[in-house]
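Some notes on the structure that comes next.
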Number of protein chains: 2
Amino acid sequence: MKLTKKILLEESMMPTKWYNIVADMENKPLPLLNPKSQKPVTAEDLEIIFPKAIAEQELSTERWIDIPEEVYNIYKIYRPTPLVRASGLEKALDTPAKIYFKNESVSPVGSHKLNTAVPQAYYNAKEGVKHLTTETGAGQWGSSLSIAGAHFGLDVKVFMVKNSYYAKPYRQLVMKTYGGEVFASPSEFTQCGRDILAKDPECGGSLGIAISEAVEVALNQPNTKYALGSVLNHVILHQTIIGLEAEKQMEIVGDFPDKIIACFGGGSNMAGITFPFLRHKLSGEKKDLQIIAAEPAACPKLSCGEFKYDFGDSSGLTPMIPMYTLGHNFQPSQIHAAGLRYHGAGQLVSQLRKDGFIDAVSIEQQECFDAGILFSRAEGIIPAPESTHAIATVIREALKAKEAGKEEVILFNLSGHGLLDMKSYEQFI
Amino acid sequence: MKLTKKILLEESMMPTKWYNIVADMENKPLPLLNPKSQKPVTAEDLEIIFPKAIAEQELSTERWIDIPEEVYNIYKIYRPTPLVRASGLEKALDTPAKIYFKNESVSPVGSHKLNTAVPQAYYNAKEGVKHLTTETGAGQWGSSLSIAGAHFGLDVKVFMVKNSYYAKPYRQLVMKTYGGEVFASPSEFTQCGRDILAKDPECGGSLGIAISEAVEVALNQPNTKYALGSVLNHVILHQTIIGLEAEKQMEIVGDFPDKIIACFGGGSNMAGITFPFLRHKLSGEKKDLQIIAAEPAACPKLSCGEFKYDFGDSSGLTPMIPMYTLGHNFQPSQIHAAGLRYHGAGQLVSQLRKDGFIDAVSIEQQECFDAGILFSRAEGIIPAPESTHAIATVIREALKAKEAGKEEVILFNLSGHGLLDMKSYEQFI
């Protein structure tokens, strides 16, 4: 029998609802806190920077939330994404493990970020917002929000971590082609940026700083809201489309994963692929399912961080989040996987980690790029530097399975391709 | 009823044979000529630089040629590619035309070039060849042959036009990540390169020079053959997988194109999508089908060239090809669509053009990039500079249809995405 390489879903089979894991958590996450009052954040608090619908989703405890038709129609540009049997990688490793990956790199921006950019732009436009602001590290998220904004007639300002801005010139051109406006952060455009530059004119920026700048503009400019590409519950909610599709696709081939692996930055791609499967572990039905978050050794919040209330940004503008964190002023070293250089882990993932449902590993850069190169040659797709963390972890697990002679089923998320990050590969080839 | 955005084919529906249009041409193309003897080229002549199977395909008159299983299995990494309803573009143009595009940009290298790189690497490996050489301009072809080589254990040497080598650093990194060896051409590696550098150390290179270097190595190094990415019949044969899939996909939605449009460089993507449909025009069954090749105004061989015997390269090493040509020494200006800067049109396309089956238009760069930006925002995908020529032509035709109030069916080939060519967009945004 010939191997089916790609397990496709027809558009008509695309899930019509997102999955909210809060509904199934025995220990609900601690609330976000308003940093001034120290009281739980309310929808009204959130509506200062987010539209009503997003604020509601952030606090929702509903299990299933409808995907609006307008969002669904744009998802169809690239979704459902293929589930792929990594037969080339299996062969290269000579492992008995069956390796599958969900290929989110087929999105036109090259990553999973569009899954939440589209609904966020939609809800903002629907409520009459005209301008969006956001931050971006590697540029995946900024590109996604730029095209999502174009779809719904919003203009988008992106604060891009300065080091990335100069290291990744193609990324800013992508954003600009889509109609986005891009600032190297810290910038002279905001008070917060100016303050930082006054102290340190050479500051290369960080995600925390870029968030502060984007939030400042959203607070001070009329008809403007802020959009975040990871960490928060509504972002994770939108990303569950990944796992919901993967679940249907695994059913088609009659497999259920023993292990699900994803790289970990703010948590959205990891939660997106794992939460729909994790619900079967929460229910007790799939007790042995193991979830592994793959972190860079340079920024290991789940592996080595502390669980406590901390800010989501570096200047303390956001609500306090109960989470695993390295401290909101933590400055990770300049690894290539810019999308993983974030100090905290978000509310849902952190609670689930605390309760033992999520494992974490942290990996050095060299091992990740070695894995990325091996994968490129075996499967043809050059992975994003972020995704190489997942692949390195998959390789470790597949080799363990080989040693144990176990035909394990491993699923991972290929969160994006690396074509716009080729400079990162230079020192490793 | 909800619109189906992407018309997918299951892997099991992928065509198992390529289509050779020669079998259905009433006027067969004139033969290639050996430049020394002025006699028709034989398989033996071709086997000096190509493997036997490729030489045979180049001269074959069989209508259908089996796709080897090993090739088929690698095609499955990205094929069948989606046929997409360009509903966003239709809306942006407010046209009654129904616009479809075949999305070849989903290949891991970002273009259709892999369709022929895979079989070429396969046939070489099968005949015991260990090393392949080739030239590349923009880098799409060099990337494709590098990963195809990796799949079949061949090492690949790519001579990349020196100007492109430095202007497109991401492209050479893609090739190197796949394991290819890349030389800035002219290089010190070949006699021909050394001769040129001795005369002009600053020489920026050309496709003609790069071909000469690649052929020199193939001729002088043991166990080494040469591979070409366009123009020749065997390349076009492999590319017919595009149109054969599209034909099945159009059947699924119950449409047949009135017009098929593709950009035109060496002809392989244009022939690839159109020939399977064109056979129904050759048979008299679909008399009204119109095929339009979209050329850059800087290199309009089909629109303004002369039909005659000419060399395929600038230094006169290749066989003489009966074709529309601007002259083998023609130097097109430095437009961004490097893949369309070729002086000739190939044997099959030229004969069909001469016999009135193919129309051609030529378009200025500004109109193409305007079209590319409009398409990016409407459909989310940033097209390759080459592909924008097809899109600009589609827009012209869709606006004509609007004026005439005609619900025309237009199909075009999105030959590649532009993510590795973002520098090209810089001056237009």
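Values quoted throughout were computed directly from the atomic coordinates according to the rules given, and no laboratory measurement underlies them. Since the structure is predicted, the reported quantities are computational estimates derived from the model, not experimental observations. With ideal geometry, Cβ positions are generated from the backbone for all residues, glycine too; neighbour counts draw on all protein chains shown.
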Vicinal HN-Hα couplings computed from phi for the stretch A:119-131 (Karplus, 6.51 cos²θ - 1.76 cosθ + 1.60; Hz; Gly/Pro x): x, 5, 5, 4, 5, 4, 4, 5, 8, x, 5, 10, 10
Would you work out the charge dipole size for the stretch A:355-396 about its Cα centre, treating the Cβ of every Lys and Arg as +1 and the Cβ of every Asp and Glu as -1, and quote it to the nearest 20 debye? 200 debye
In debye to the nearest 20, how big a dipole does the protein assembly as shown give about its Cα centre with +1 on each Lys and Arg Cβ and -1 on each Asp and Glu Cβ? 260 debye
What's the lysine pair count for the stretch A:82-220 at a Cα cut-off below 24 Å, pairs eight or more apart or interchain? 17
Within chain B, what's the longest run with no trypsin sites (Lys or Arg not before Pro) in a DSSP loop and at most 11 other beta-carbon atoms within 10 Å? Give the range, please. B:37-286
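Can you tell me the relative contact order of chain A? Whole percent, Cα pairs under 8 Å, sequence separation 6 or more.
Working: 943 pairs, mean separation 83.9, N = 429.
Over chain A, the number comes to 20 percent.
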Extend 7 Å from the Cα of A:Lys402 along its Cα-to-C-beta direction; within the stretch A:359-386, residues with backbone N under 18 Å of that point are A:367-380
Base-10 log of normalised Debye intensity for the stretch A:1-117 (one unit scatterer per alpha-carbon) at q = 0.12, 0.19, 0.21, 0.22 Å⁻¹: -0.68, -1.11, -1.20, -1.24
Tell me which of A:Leu83, A:Ala148, A:His328 sits at the most positive position along the dipole axis of chain A, charges placed on C-beta atoms (Lys, Arg +1; Asp, Glu -1). A:Leu83
Peptide B:412-422 - average C-beta neighbours from other chains (10 Å radius): 3
Sort out for me the Cα centre separation of the stretch B:17-43 from the stretch B:390-421, rounded to whole Å. 32 Å
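Cα-based Rg of chain A per 2.2 N^0.38 Å, rounded to two decimals?
In units of the 2.2 N^0.38 Å rule of thumb, it is 0.91.
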At 222 nm, what helix-only mean residue ellipticity would the protein assembly as shown give, in deg cm²/dmol to the nearest 500, using -39500 (n - 2.57) for each DSSP H run of four or more? -12000 deg cm²/dmol
Nearest 10, in degrees from 0 to 90: the angle of helix B:268-282 to the longest Cα principal axis of chain B is 50 degrees
Convex hull around the C-alpha positions of the stretch A:305-429: the volume in Å³ per residue is 131 Å³
Candidates B:Glu58, B:Glu216, B:Glu403: whichever shows maximal mean-square fluctuation once chain B is modelled as a Gaussian network with Cα springs under 10 Å: B:Glu403
Below 14 Å, Cα to Cα, which aspartates and glutamates can B:Lys2 reach? Residues fewer than 8 away in the same chain don't count. A:Glu10, A:Glu11, A:Glu69, A:Glu70
Per the charge dipole of the stretch A:221-291 (beta-carbon charges, Lys/Arg positive, Asp/Glu negative, Cα centre), the residue among A:Val231, A:Leu289, A:Gly243 reaching farthest to the positive end is A:Val231
At q = 0.05 Å⁻¹, base-10 log of I(q)/I(0) for the protein assembly as shown (Debye sum, equal scatterers on each alpha carbon): -0.26
What distance in nm lies between label points placed 7 Å from Cα along the C-beta direction at A:Gln331 and B:Asn223? 5.3 nm
Extreme residue, positive dipole direction of the protein assembly as shown, given options B:Trp64, A:Tyr309, B:Phe50 (C-beta unit charges): B:Trp64
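Ignore the peptide's own chain and count Cβ atoms of other chains within 10 Å of each Cβ in A:66-75; give me the average, rounded. Spell out each step's value before the answer.
Working: counts 0, 0, 0, 1, 0, 0, 2, 5, 3, 1.
If you average over the peptide's residues, the count of other-chain Cβ atoms is 1.
DSSP beta bridges in the stretch A:262-386, what fraction antiparallel, as a percent rounded to 5? The partial results should precede the final answer.
Values: 7 of 14 bridges.
Of the beta bridges lying entirely in the stretch A:262-386, close to 50 percent run antiparallel.
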Most fluctuating residue given options B:Asn103, B:Asn329, B:Asn20, as computed from a GNM of chain B linking Cα atoms under 10 Å: B:Asn329
Across A:Glu104, A:Glu251, A:Glu379, the residue with the highest GNM fluctuation in chain A (Cα network, 10 Å cutoff) is A:Glu251
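How many partner chain Cβ atoms sit within 10 Å of a residue's Cβ in peptide B:170-181, on average, as a whole number?
5
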Percent antiparallel among DSSP beta bridges (both partners in chain A, rounded to 5): 35 percent
Rounded to the nearest 20 debye, what is the charge dipole size of chain B about its Cα centre when +1 sits on each Lys and Arg Cβ and -1 on each Asp and Glu Cβ? 420 debye
Volume per residue of the C-alpha convex hull in the stretch B:198-305, rounded to whole Å³: 161 Å³
The ratio Rg/Rh over the Cα atoms of the stretch A:255-379, Rh being the Kirkwood inverse mean 1/r radius, stands at 0.99
